[in-house]
Structures are given as structure tokens and as C-alpha cells.
Amino acid sequence: MHCLKYGLTTNNLLGLELALMNGEVIRLGGRHLDAGGLDLLGAVTGSEGLLGVVTEVTVRILPKPETAKALLLGFDSIEDAGDCVARIIGEGVIPGGMEMMDRLAIKAAEDFCGAGYPRDAEALLIVEVDGVAAEVAGLTRKLRSIAGACRVRTVSESRDEAERLAFWTGRKNAFPAMGRIAPDYYCMDGTIPRGRLPEVLARIRGFSEQYGLPAANVFHAGDGNLHPLILYDANVPGELEKAERFGEDILRLCVEVGGVLTGEHGVGVEKRDLMPVMFSEQDLNQQQRLKCAFDPEGRLNPGKMFPTLHRCAELGRMHVHQGQTRFPHLPRF
Amino acid sequence: MKETFRPSSAAQLREIVRLAAEGRIGLRIHGHDSKPGLGPPVAADYALDLSLLNGVLSYQPEELVLRARAGTPMTDILEALRERRQHLGFEPPDWSAVFGASPGRGTIGGVLACNASGPRRFSMGAARDHFLGFTAINGRGEEFRAGGSVVKNVTGYDLPKLLAGSYGRLAIMTEVILKTLPAPADAATLIVRDLTDETALRVLRLAAAGPLELSGLAHLPAGIGGEGARTVFRLEGPMASVTERLSRLKMQMQEYGPCENPGAAAARDLWRRIRDADFFVQDPQPLWRISAPPASGAEVAARIGADRYFFDWAGGLIWLLSERAADIREAVNPTGGHATLFRAPDALRRSLPVFEPQPPALAALEQRVREAFDPLGIFNPSIAGL
């Protein structure tokens, strides 16, 4: 939830020990800050266990901010909340956390743990700023003024640490809260450009009507990572399949608006067959060639990430003939 | 070098690479050629100049993302960002002067291919951490894409990380997508004078581990820049925050030595000189760039025993002038870090590995990874054995 300001896993990893499929054990990175050769550490991070077996990690530790404050901002429309997100960043503020919830998610979370969320809001933003006292005070004033310009309906500001944590409990319990209103839920994970949020949520509402399944939305608004929760009942024949098709439509939509299939949960088996929505065959072949460099026999997590498995020998072939030309028609300097 | 190709479109570039692959012809790849002599010496018959593949393609400040052709001049990118009060968090250096090229040159593709990162790297990450996606041509002459235009993305392998710092030896980038950030409203620099290396690096780490969010942590031993020893701290952010943090930092540092605040222009120039290793522009001696755990920085420098060197990244980066190559790697190796022969006469670069030699298993893996992208080894082929 804090990655807009503090980075993702990959940005906070310094070193790995990795067992390769040929039995060798290598070290990538260490306690220093940049790679001595190719940045294999970067390539292995998030590779879903397809390249090697990680046996040790070195992570970077950051000092905890001295003070932090959370604001709850309730809006009458998703558009206003989305506008507020864009303006916060447009004004040069990078909050420590910025989360959005839609009406169904707000209501479910509030029923579940009474975090003090405005039940009648169409959209809720939780914005947290952290740092030294003067910075937090200044940013809080700025956020209030930006929110005011975005037609905010309700504003609450955490007065102490207990209240700040209470503001977060609703968001952090949004998933279990769904368990009270539906027997099953299917959690999606895609990322979109922040500015396309209102449009994407409107189209998710359209899908929701089309499939006859409700969806609640929680959104890491700071970084565009969307988590629609599709509510269904696996005991009703056909609902699981409908939920899956609904989810697939959402992910295709994420790519259509310039986003990606997965923001943090990975491709695995579930999204494997959607990879061609985002990547061409050539893109995927190049990715598989990297896999071949690490694991030529494809023994690590076979069946994950790639929709079509090629044999490494086939991908390695080069169809070139000895050239006769000396490039007569190409521009020279 | 026989000739230089200068494609004006990705399609032309693809064709050049295909024909080069057919003829097994090596290509020396560059943009503005602002860092000639960085990396292992290249043995190629032809040069490939990418500077015509330039231009910012889209910039959305509110999405914090910029897409540009790889040959876009850094000056154009920085200007576009400045107009919207944004910047690149990794503070890209301009190493052209160190390599004797005309200043202000350099392209975004070159910066990324070298993973070139300035003082802010310690707090904000390197170029690789701000590199979201790309389109490139592999050694087969095929175009491929990876990454995306959003920060939070784990779809497929993170190939932008792999291309960052690959020195043009995996693929030729044609378009790149970068994360941009709001530029800080205010900045302040504090200089503490006359500290020994060991004390200086200790107080730098002390400050880095505290809550004051330092964005620059350097130490210039006596003689660097023609002055006594200077330990330099930088704070950035909203004005009220910088004021509070500066006064707290001053209180913390007063016990170590005399403190002073240079004016804004002098401070900017000092950080530029640190960023660009500008103190060593005119020197004929070989220049080394050493990456070590910050806590080992002072010890590494002491073991090498060079006359002229300085520290950035709270001791994690050492710039050092020395003729004694063997001593350097011997001093760095036990820390797990590495030393790059950053700038040296051709003869020395032909007789010494420019990059730290890797253990055999890792070297073999790197070679397989290179072949996965450039199976015939036509991109920046190095002279045999290096």
C-alpha cells in the first residue's frame, strides 16, 4: 500500500542467493547498491519461481517515519474522487499511501469493523502522509485544500496513532468483509493509468449488470492498482464460470486502457492464457528465451506464465543466411 | 571503424540488425557518443548511431510517466520535465566531461543502458528503478516489448531491469517509458568540515538511518575540489519540512565539526560535481568507480591507499584515481562489491577487465543470458577475452 513513495519489492531488494537447475548456487547483488554485471537480480525478482530457487535474500531497511497522519475523504462520485487523486499528484504530493474504495466496499467494510467510514459516500479516499511533524502538518493542509476543490463531502483527520490505525482497519479488512455479504469472492488484480479510473469503474459496473454478479472495488489509487472483488456463490451452478469470465473482461479492459494484467499478484496459471492480450508472440518468445538461459529443460514451475510452451532448442534456432549485400540502400553518416 | 549507420526509423534499424546478423557483423552502438571509452573496448567494424531515433512521444505529468524514443537528448527530457516541475528521481549524471566529450550531450537510451544514477540513488533508487518499459530490437532483428507504462506491474519478467546497465549488449532500445516524479519545492545542503573518512562515513550512515530523509550523502576528503575535507548532506522536500530537518541535522552534526550552509547556487554546483565525478575531469590517471557496502567504504578506500578519491551514497560509491589496478580489486572483493575501470587509456582497457570478473557459474549464466538476446554476439562485441 505504500509503494508509490517507498517502491515495490524489487526496488528494496539488495541481494539473493539462487540455486540454479544445473545444481550451481550463485549470489546476485549483496549489500552494495548496484549490479556488477547484468542486473540478474532485477530479472529474477518477480519471476514466479521459473528461473531458479531463491534460498536467501538481503533486503533494504528504511527508517520508520516519525509521524504519520491519515485522512478519510468521502465523495459523492467516483469521478470527484478520481479527480482528487490526479490533483494531489499534480500538486506534487506523493503520499505514503492513497487508497480508494467504492460504495459496496465501504459499506461492507463499515458493517464488518466500524472503522468510521461515511456509509453514504460513493467513493472513499484514505490518504496518508508521513515524515517529520512540519511536513505532515503542511501536507495535511494542502490535502484538505485540494480535496475541497474536488467537492469532497466528508473529511476526517486522524488525531492520534490509534485513530490512524483504525482508519486503515476497514481497508485492510475489505477482503474478509466480503465474506459477510457473499459466500465467495474472486479477487482481481490489474493496474491502470490512474486517470482512467472513473471510466474503468463505469465499465466494470456494466460487466456487473451483464453477468448479474455484484463487484466491490478497492483500489491502490496512488499507483493505479485495481482490486475488483467479484461476489458469487460457487454452489449455484455456472456462477464460478461467470465470475471467471467477468474477471477476464476486467483484465482485458485494464490492458485496453494502457494498463497491465497483474500489478502485484503475478501471472501464474490463472492469467497465463491472457498474456497474448498484452504481449505479441515475439515478446513472449524473448521472455521464454530468458527462461531457457536459466532452466533449459523447463523443469521449474512448468505451465506457469507462458500460454504456449516452446522447446528451448526451437527458440534458439536462427534462420539467417550468409548475407551477400553490404547494405547499399541504408542511410550512412 | 568502417562506417556508421544512422537509421531514422525503427524499421530501418530492424533491417540493419537483420543484415548485420546475416553477415555476422559486429555493431558499436551509441547515441550521442557522450561516454566514449565506457565499458569494455568494442571490436566492431560498423558503428550504429541511434541519435536520429529521438523525440518525446508522450508525457503525462499527472500519471508520472514519460515515453520517449531512446535517442532523445537528455536535455530535451529534462527541459520537458522542468516545465511541469517534475524530474527523474535517480538524478541522471552527465558523464560527458569525464570522457572528454562536449558537455550537455547524452541520450536517455545511453543513461539507461549504463544505469547511470546520481547522488539521489541512495534514497530514491537507480535508473533501473524508474525504468518502466521499453521496445527494443534483439540480435535477431526482432522487435519486442516488455514492461508497461504503470509502476505496479508484475506481468512477465522484468526485462527493463535487465536492460538497464547492460551497456547495449543485450538489445537495442528504440522506445523507453520512465517514471517521473514531482521535483522537490525546496532543498538545503549542510557541510561539515574536517572529518576523517571513517568518522565522515559513520555520521553519514547515522543520518541515513534516522528520520530526516536525506537525499544526498557524500564525503569529499581534503584536496578534492581544492578544499579541506567536506562531508555533505542534502535535504529536499516542502519548505517547512526542509527547514525543520535542516535545523535538527545541524544540531546533530555540530558536535562533529564546524557546520555551514552554502547558498543555493553553490550547493547545486557542488552536487552536480559530485554527480558527474567532475573533480576528476582533467586528470590523466585511470578513474575507477567502486560499488561497495556503505559500511565498508572507508575501509576499502584505506586499503587501496589512493591519493585522490571521494565517496557518494553514504560511502556505497567510491570514485577513485589510481594506477594500481590489482590493489583495487583485492580491496573491494572481500566486501562483495565490485570495481569498474571507468575511464582509462585504451591500452589499459585492453589489458584489464573493465568490469569486475564474475565467479565462473555466474559468468556462464550471464553468457547464456546474452545469447538469449543476441545469439551471434553482434551488439557491442568486446575484444576477445574481456
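The values are calculated or read from the model by the stated rules, or taken from the named source; none is laboratory data. Note that the structure is a prediction, hence the values are computed from the model and not measured. Glycine gets a Cβ as well: all are built from the backbone with ideal geometry, and neighbour counts include every protein chain shown.
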Taking A:ARG159 as meeting all but one of (1) at pLDDT 95 or above; (2) touching an Asp or Glu at 6+ places or on another chain (Cβ under 8 Å), write down the number of the exception. (2)
Determine whether the range A:141-162 contains at least one residue that is under 30 Å from B:ARG248 (Cβ atoms), in contact with a Cys (Cβ under 7 Å, 6 or more places away or on another chain) and surrounded by fewer than 24 Cβ atoms within 10 Å (Cβ to Cβ). yes
Please pick out the residue among A:LEU41, A:LEU104, A:LEU62, A:LEU73 that is over 30 Å from A:ALA216 (Cβ atoms) and buried (at least 17 other Cβ atoms within 10 Å of the Cβ). A:LEU41
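Of the residues that sit in the range B:172-188 and are within 20 Å of the chain's Cα centre (by Cα) and at the interface with chain A (Cβ under 8 Å from one of its Cβ atoms), which one is farthest from B:PRO40 (Cα to Cα)? Reasoning before the result, please.
Going through the range B:172-188, the residues within 20 Å of the chain's Cα centre (by Cα) turn out to be B:172-181, B:183.
Of the ones still in play, those that are also at the interface with chain A (Cβ under 8 Å from one of its Cβ atoms) are B:181, B:183.
On the way: B:LEU181: 33, B:ALA183: 35 Å.
It comes out as B:ALA183.
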Counting only residues that are touching a residue at least 60 places away in the same chain (Cβ under 8 Å), buried (at least 17 other Cβ atoms within 10 Å of the Cβ) and more than 24 Å from the chain's Cα centre (by Cα), the range A:264-300 contains a total of 3
Give the residues of the range A:191-204 that are touching a strand residue (DSSP E or B) at 6+ places or on another chain (Cβ under 8 Å) and part of a helix (DSSP H, G or I), sorted by residue number. A:GLY195, A:LEU197, A:VAL200, A:LEU201, A:ILE204
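Can you pull out every residue in the range A:205-239 that is assigned to a helix (DSSP H, G or I) and closer than 21 Å to A:ALA177 by Cβ?
A:ARG205, A:SER208, A:GLU239 - these are the residues of the range A:205-239 that are assigned to a helix (DSSP H, G or I) and closer than 21 Å to A:ALA177 by Cβ.
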Residues (assigned to a helix (DSSP H, G or I) and either under 18 Å from B:ASN115 (Cβ atoms) or modelled with pLDDT under 95 (or both)) located in the range B:275-293: B:ARG275
Enumeration of residues in the range B:363-380 that are in contact with a helix residue (DSSP H, G or I) (Cβ under 8 Å, 6 or more places away or on another chain) and either surrounded by fewer than 20 Cβ atoms within 10 Å (Cβ to Cβ) or closer than 27 Å to A:GLY30 by Cβ (or both): B:LEU365, B:GLU366, B:ARG368, B:VAL369, B:GLU371, B:ALA372, B:PHE373, B:PRO375, B:LEU376, B:GLY377
From (1) in contact with a Phe, Trp or Tyr (Cβ under 7 Å, 6 or more places away or on another chain); (2) at the interface with chain B (Cβ under 7 Å from one of its Cβ atoms); (3) part of a strand (DSSP E or B); (4) of a type in the set (A, V, I, L, M), pick out the condition that doesn't hold for A:LEU72. (2)
Considering (1) more than 10 Å from chain A (Cβ to nearest Cβ); (2) in contact with a Lys or Arg (Cβ under 8 Å, 6 or more places away or on another chain); (3) more than 30 Å from B:LYS250 (Cβ to Cβ), say which one B:ILE191 fails and leave the rest. (3)
Candidates B:ARG145, B:ARG202, filtered to the one that is part of a helix (DSSP H, G or I), surrounded by fewer than 21 Cβ atoms within 10 Å (Cβ to Cβ) and at negative phi: B:ARG202
Could you figure out which of (1) at pLDDT 95 or above; (2) of a type outside the set (D, E, K, R); (3) not in a strand (DSSP E or B) isn't true of B:ALA306? (1)
Counting just the residues of the range B:323-337 that are within 14 Å of chain A (Cβ to nearest Cβ) and part of a loop (DSSP other than H, G, I, E, B), which one comes out farthest from B:PRO40 (Cα to Cα)? B:GLY336
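Restricting to the range B:338-362, what's the tally of residues that are of a type in the set (Gly, Ala, Ser), surrounded by fewer than 18 Cβ atoms within 10 Å (Cβ to Cβ) and more than 9 Å from every other protein chain (Cβ to nearest Cβ)?
Taking the range B:338-362 as the starting set, the residues that turn out to be of a type in the set (Gly, Ala, Ser) are B:339, B:344, B:347, B:351, B:361.
Of the ones still in play, those that are also surrounded by fewer than 18 Cβ atoms within 10 Å (Cβ to Cβ) are B:347, B:351, B:361.
From what is left, the residues that are more than 9 Å from every other protein chain (Cβ to nearest Cβ) are B:347, B:351.
The total comes to 2.
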Residues in the range A:156-179: is at least one within 16 Å of the chain's Cα centre (by Cα) and within 14 Å of chain B (Cβ to nearest Cβ)? no
Of all residues in the range A:154-190, which are in a strand (DSSP E or B) and within 18 Å of A:ILE230 (Cα to Cα)? A:ASP184, A:TYR185, A:TYR186, A:CYS187, A:GLY190
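For the range B:54-111, give me each residue that is at positive phi and buried (at least 17 other Cβ atoms within 10 Å of the Cβ). Talk me through it step by step, then tell me what you get.
The initial filter retains those residues of the range B:54-111 that are at positive phi, namely B:55, B:64, B:85, B:91, B:100, B:104, B:106.
Matches in the range B:54-111: B:LEU64, B:GLU91, B:GLY106.
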Is it the case, given these coordinates, that A:GLY131 is more than 19 Å from A:GLY224 (Cα to Cα), surrounded by 24 or more Cβ atoms within 10 Å (Cβ to Cβ), of a type outside the set (Ser, Thr, Tyr) and touching a Gly at 6+ places or on another chain (Cβ under 8 Å)? yes
Among residues belonging to the range A:21-38 that are more than 7 Å from chain B (Cβ to nearest Cβ) and either assigned to a loop (DSSP other than H, G, I, E, B) or surrounded by fewer than 21 Cβ atoms within 10 Å (Cβ to Cβ) (or both), point out the one that is nearest to the chain's Cα centre (by Cα). A:ARG27
Test result for B:ALA97, hydrophobic (A, V, I, L, M, F, W, C), more than 7 Å from chain A (Cβ to nearest Cβ) and touching a strand residue (DSSP E or B) at 6+ places or on another chain (Cβ under 6 Å): no
Can you tell me which of (1) in contact with a Pro (Cβ under 9 Å, 6 or more places away or on another chain); (2) in the same structural domain as A:GLU128 (by TED's automatic domain parsing) is the one A:PRO95 doesn't meet? (1)
Complete set of residues in the range B:355-386 that are among the small types (Gly, Ala, Ser) and in a loop (DSSP other than H, G, I, E, B): B:GLY377, B:ALA384, B:GLY385
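Let's see how each residue does on (1) at pLDDT below 95; (2) within 24 Å of A:PRO296 (Cα to Cα); (3) of a type outside the set (Gly, Ala, Ser):
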| site | (1), (2), (3) |
| --- | --- |
| A:CYS3 | yes, no, yes |
| A:ALA19 | no, yes, no |
| A:GLU24 | no, yes, yes |
| A:HIS32 | no, no, yes |
| A:VAL54 | no, yes, yes |
| A:LYS64 | yes, no, yes |
| A:PHE75 | no, no, yes |
| A:GLY92 | yes, no, no |
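Any idea which of A:ALA182, A:ALA162 is at negative phi, in contact (Cβ under 8 Å) with a residue 12 or more places away in the chain and of a type in the set (Gly, Ala, Ser)? Break it down stepwise before answering.
Values: A:ALA162 fails: in contact (Cβ under 8 Å) with a residue 12 or more places away in the chain.
After applying the criteria, what remains is A:ALA182.
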Subset of the range A:126-145, residues touching a Lys or Arg at 6+ places or on another chain (Cβ under 7 Å) and under 19 Å from B:ASP186 (Cβ atoms), comes to A:VAL129, A:VAL132, A:VAL136, A:THR140
Pick out the one residue from B:ARG245, B:ARG230 that is crowded, with 20+ Cβ neighbours inside 10 Å, in contact with a Lys or Arg (Cβ under 7 Å, 6 or more places away or on another chain) and assigned by TED's automatic domain parsing to the domain that holds B:GLN282. B:ARG230
